[in-house]
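Bear in mind that the values in this text are calculations on the coordinates, not laboratory data. It should be emphasised that the depicted structure is a prediction, and the values quoted were computed from it without experimental measurement. Here Cβ is always computed from backbone atoms with ideal geometry, including for glycine, and neighbour counts include all displayed protein chains.
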Amino acid sequence: MHDTYKKGELAHLKVEIRALEKDFIVSYPTVEARFDMILTDQNGKSYRAQVKYLNRENPKSQGSLFLDLRKETRNNGKKKTYSSEEIDVVLAYIATIDKIIWIGPELFHNTQSITFRLTPTTNNQKYGVRMVNNYLW
């Protein structure tokens, strides 16, 4: 079995477990869709969720993780970004800390990638820094 496939399956299972812990109902599309699952909260609000496995360290910055937000399309093999018209949330499983982050459309909409930090920057930069702890789900 391909390693990337295993990582994706692990991320899906971790997200599903977390959703159940938070009393969400988890549903899956019956046809191919841009989202991986639908999460419905106790108030009946549903979220089309794209699930990612996040463990790629950013080579330019120690203590940070790089999340590629593009997905190959089947028809032409090109990578396409996600829009808020297609999905409502990206849920990324971070294997190194065994946590999931909730990424809203204000961050993912038509964006190719995002960098999150596990540790503060060495120069104490704050502007534009996305700390993982601020997005934990």
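The length gained on full extension between Lys79 and Leu10, counted as 0.36 nm times the residue separation minus their Cα-Cα distance, comes to 22.6 nm. Of the listed pairs Lys45/Lys79; Lys79/Lys126; Lys14/Lys80; Lys78/Lys99; Lys6/Lys80, which have alpha-carbon separations greater than 28 Å here? Checking Cα-Cα distances, Lys45/Lys79; Lys79/Lys126; Lys78/Lys99 exceed 28 Å. Checking (i) 15.2, 48; (ii) 15.9, 49; (iii) 14.5, 43 against the coordinates, the calculated Rg and Dmax of the Cα atoms in Å falls under label (i). The calculated FRET efficiency for Asn55 paired with Glu32, based on their beta-carbon distance and R0 = 30 Å, is about 0.70.
On the basis of the beta-carbon distance and an R0 of 25 Å, Gln125 and Trp102 show a calculated FRET efficiency of 0.60.
Of Tyr47, Gln125, Leu65, which is farthest towards the positive pole of the chain's charge dipole, taken about the Cα centre with +1 and -1 on the beta-carbons of Lys, Arg and Asp, Glu respectively? Going by the Cα projections, it comes out as Gln125. The long axis of helix 3-21 is offset from the longest Cα principal axis of the chain by roughly 80 degrees. Projecting label points 7 angstrom from Cα along Cα→Cβ for Gln42 and Ala95 puts them 3.4 nm apart. Helical runs (DSSP H, four residues minimum) scored at -39500 (n - 2.57) apiece and divided by the length of the chain put the mean residue ellipticity at 222 nm at -5000 deg cm²/dmol.
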